[in-house]
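**Student:** First the structure, which I've put down as structure tokens, then a few questions once you've had a look.
The values are calculated or read from the model by the stated rules, or taken from the named source; none is laboratory data. What you see is a predicted model; the values in this text were computed from it and never measured. Cβ coordinates were reconstructed from backbone atoms using ideal geometry, including for glycine residues, and neighbour counts include every protein chain displayed. The accessibility values were calculated without ligands, DNA or RNA, using every heavy atom of the protein model including side chains. Shrake-Rupley method; radii C 1.70, N 1.55, O 1.52, S 1.80 Å.
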Amino acid sequence: SAFDAKQQQQPALRGGAAGRDTGLFGVPELCCPEGFQEAQDKALQESEQLVQKACSTPPGPETVMIFDQLSDSLCRVADLADFVKVAHPDLAFREAAEEACRSIGTVVEKLNTDVELCQSLRHLLADETVMSSLDPETRRVAELFMFDFEISGIHLDEEKRKKAVDLNIRILDLCNEFLIGTHIPNKIDKHVLPEHIRYNFTAEGNYLQVAGLHADCPDDLVREAAYKIFLHSNAQQLARLEELLASRNSLAQLVGYDTFAHRALQGTMAKNPETVRQFLEKLSEQLSKRTQKDFQMMTQMKMKLNPHNSVLMPWDHPYYSGVLRAERYNIDPGLYCPFFSLGACMEGLNSLFSQLLGISLYAEQTKRGEIWSEDVRKLAVVHETEGLLGYIYCDFFQRPDKPHQDCHFTVRGGRLKENGEYQLPVVVLMLSLPNSARGAPTLLSPGMMENLFHEMGHAMHSMLGRTRYQHVTGTRCPTDFAEVPSILMEYFANDYRVVNQFARHYKTGQPLPKNMVSRLCESKKVCAAADMQLQVFYAVLDQIYHGKHPLKKSTTEILKETQERVYGLPYVPNTAWQLRFSHLVGYGAKYYSYLMSRAVASMVWKQCFAQNPFDRAMGERYRREMLAHGGGKEPMLMVQGMLQKSPSVEDFVDALVSDLDHDFETFIMDT
């Protein structure tokens, strides 16, 4: 497999542009950082011509096509730059990409308030004869473009429009500042802490730096100290959050919504804040008995290990749930890793995709200059009858300066080009796997294996969401639907029939024993209700913060009240967890999405794949109903097409809650 032996594919990537045959991702300009300026200028020139073309074309399907070309010419640079600015090892490349993102962002803001450009789209939407002749996807794309104009305040008078632009810019700045603030360590005079725990923190003169919650530390005192110090309120960060929430609210109201949540939820599966509230309340209600039981188990474990202090506190939850998991099911990752070499896992994915969808992954040679680190692998995604569907660049290994989160980036969206050819999608999957010892394969823990499957779910969505328009291609769909394909892949990764196809000991070739897979799956259910309740608490908090303004109380008082009402573990005085809630930036009013996506994935798994995870007919239905449309069809209609019924909020809640029940067969087998 391409992944087990590190191929010596090419000479080192240094040596200036002369030693390159192409630029990043095969874009010729990007053989050096300065190329971003060139790519950006080209895109801006192209976009100016397209704006003029849009304004002079009579209303018709061509209008939507031109808008999509316009979006494509800007996204091709912006999306690529979005990836390069976080992942490229060379600072000069990262800075050039950052700059490109900024200037294209500014142009997009301008275009979204270009009255003449908007007029050409409005003429189309107002022309009932033309509109009724368009296919549903084209209609939806036209409406989505209009929606972008409207949330930028295009329909307002000059003065208010200017205000909307200023608010948008201010919000971007606040988001960046708040995000940086969520990660900044807190300092404390070292004499405040007992001497025997100081070594857990980084010393800086007379101060100790607390950079996180130390949630896995066995010493209760260390976790308590970290919690109280790291989450200590900070006036500057508090001011940023308050201004961010107020500005989002002002912008939403300026462009005609009751609250920011109403604006953010338009077009999603949930559709409006009322549905989200209902979903979270019902879920919370269904979870409460199980959560109480989980908290009791954790409390007993705490008493056993620490008789002096047995009140369960927020810093105890992640730690004691882990202790319970380990005690009840011996699932030391070290026992599993030898069965999950990266090569074996990739073979497993290849085999699954080939059985379900008729798709294979092939390792492809890269040209010099095409990739940013020599351990990146390029995969061609090929369908047995349709041929090449697109490319996945796998950037799987840790390196200095590389961000730690696992993620999927769209580098180029698919679309039908003017000449009738299809523009192939290009994505990057980024993981942070450990670099293997020389000669040994890379071994994945069960968690890493599940993450690989999750991210591959996004990649397949990108490859198979072959829409006519780039604007709705692949994963460019509502947030609460976007995680469905990736979470569904986790269900495959936790199914013994699937795992048994690829999990082999890298030395002996022995398959992973069935009871080890069952134990792993059951261990995930330990304290799962309490873990889910915590997610519900975060989601409720996010809805309140983005709900009706002015807020009734301070963000900290709302946190305290919501924590005690929804989560159930006591609020700790002088802490302000919300100031570390980085998801408020990217998922404002949409934190619930992950839970709702999981509910849908669970229903799809149980109804369509649990009986036979390799069912080709189901795989084809899944592709046809859920993956093929990208964001070009209303998400609830896609879910209906797949499940052949329209699920209610109660169905979602039931799906999530029934996943918490222990599998009886395994339970008997292991007792």
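**Student:** Using label points projected 7 Å from each Cα along Cα→Cβ, tell me how many nm separate E243 and S360, to one decimal.
**Tutor:** Inter-label distance under the simple model: 5.8 nm.
**Student:** Summing +1 for each Lys or Arg and -1 for each Asp or Glu, what net charge is found among the other residues whose Cβ lies under 13 Å from the Cβ of R624?
**Tutor:** Values: positive: R466, R616, R621, R623, K633; negative: E620, E625.
It works out to a net charge of +3.
**Student:** Shifting gears a bit: Suppose only helical runs count, i.e. DSSP H with n ≥ 4. What mean residue ellipticity at 222 nm does that imply for the chain under -39500 (n - 2.57) per run, divided by all residues and rounded to the nearest 500 deg cm²/dmol?
**Tutor:** Per the formula, -16500 deg cm²/dmol.
**Student:** How far apart, in nanometres, would the label points at E38 and L221 be if each is projected 7 angstrom from Cα along the Cα-to-Cβ direction?
**Tutor:** The modelled label-to-label distance comes out at 6.2 nm.
**Student:** Could I ask something else about it? Please identify the DSSP H helices in the chain that span no less than 24 Å along the helix axis (Cα) and have a mean Kyte-Doolittle hydropathy of 0.5 or more.
**Tutor:** Numbers: long enough: 35-56 (32 Å, -0.85); 61-87 (38 Å, 0.55); 91-111 (30 Å, 0.20); 158-183 (39 Å, -0.37); 235-254 (28 Å, -0.08); 273-305 (43 Å, -0.99); 446-464 (27 Å, -0.08); 528-545 (26 Å, 0.68).
Helices meeting the span and hydropathy rule in the chain are 61-87, 528-545.
**Student:** Could you work out the relative contact order of segment 24-155? I mean the mean sequence separation of Cα pairs under 8 Å and 6+ apart, divided by the number of residues, in percent.
**Tutor:** Numbers: 121 pairs, mean separation 35.3, N = 132.
The value is 27 percent.
**Student:** A follow-up question, please. Less than 9 Å Cβ to Cβ from K525, Lys/Arg counted +1 and Asp/Glu -1: what total charge do the surrounding residues give? Show your work: numbers first, answer last.
**Tutor:** On the way: positive: K524; negative: E522, D659, D661, D663.
Cβ neighbours under 9 Å give a net charge of -3.
**Student:** From Cα pairs below 8 angstrom and at least 6 apart in sequence, can you work out the relative contact order of the chain, rounded to a whole percent?
**Tutor:** With pairs under 8 Å counted, the relative contact order is 17 percent.
**Student:** Which residue, V86, Y329, P318, has the largest displacement toward the positive end of the dipole of the chain when charges sit on each Cβ (Lys, Arg +1; Asp, Glu -1)?
**Tutor:** Y329
**Student:** Can you grab the distance from the C-alpha centre of segment 476-496 to the C-alpha centre of segment 621-640, Å, no decimals?
**Tutor:** 13
**Student:** Check cross-link reach from K645 to the aspartates and glutamates: straight Cα distance under 14 Å, and skip same-chain residues fewer than eight apart.
**Tutor:** Those aspartates and glutamates meeting the cut-off are E625.
**Student:** So which lysines pass the test for K187, namely a Cα distance under 27 Å, with those fewer than 8 places away in the same chain ruled out?
**Tutor:** K228, K402, K560
**Student:** May I ask you to list the lysines whose Cα is less than 19 Å away from that of K507, ignoring any residue fewer than eight positions away on the same chain?
**Tutor:** Counting by Cα, and skipping residues close in sequence, K507 has these lysines nearby: K6.
**Student:** Assign unit charges at the C-beta atoms only (+1 for Lys and Arg, -1 for Asp and Glu), then state the dipole size of the chain relative to its Cα centre in Debye, rounded to the nearest 20.
**Tutor:** 1140
**Student:** With contacts defined as alpha carbon pairs under 8 Å and 6 or more residues apart, what's the relative contact order of segment 329-459 in percent? Don't skip to the end; give the middle numbers.
**Tutor:** Details: 202 pairs, mean separation 33.5, N = 131.
RCO, segment 329-459: 26 percent.
**Student:** Classify segment 24-155 as rounded, prolate or oblate from the Cα gyration tensor: take a ≥ b ≥ c as the square roots of its eigenvalues, call it rounded if a/c is under 1.5, otherwise prolate when a/b beats b/c and oblate if not.
**Tutor:** It comes out prolate by the Cα gyration axes.
**Student:** Say the dipole of the chain comes from +1 at the beta carbon of Lys and Arg and -1 at that of Asp and Glu; which of L452, P513, L305 then lies farthest toward its positive end?
**Tutor:** Selected residue: L305.
**Student:** Please get the size of the charge dipole for segment 24-155, origin at its Cα centre, with Cβ charges of +1 on Lys and Arg and -1 on Asp and Glu, quoted in debye to the nearest 20.
**Tutor:** Value, rounded to 20: 100 debye.
**Student:** Roughly how many Å² is the accessible area per residue of the chain, as a whole number, for a 1.4 Å probe?
**Tutor:** Per residue, the chain has 44 Å² of solvent-accessible surface.
**Student:** Which one, Q355, T442, V427, is farthest towards the positive end of the dipole of the chain when Lys and Arg carry +1 and Asp and Glu -1 on their Cβ?
**Tutor:** Value computed over the given set: T442.
**Student:** Cross-link list K524/K590; K42/K417; K289/K525; K271/K553; K53/K160; K282/K302: which exceed 20 angstrom alpha carbon to alpha carbon?
**Tutor:** As for pairs spanning more than 20 Å Cα to Cα, those are K524/K590; K271/K553; K53/K160; K282/K302.
**Student:** Ignoring any ligand, DNA or RNA, what whole percent of the accessible area of the chain comes from carbon and sulfur when the probe is 1.4 angstrom?
**Tutor:** 52
**Student:** A further question follows. Check which residues have an amide H placed less than 5 Å from Y587's amide H, if you skip close sequence neighbours.
**Tutor:** Amide H neighbours of Y587, under 5 Å, 5+ apart: none.
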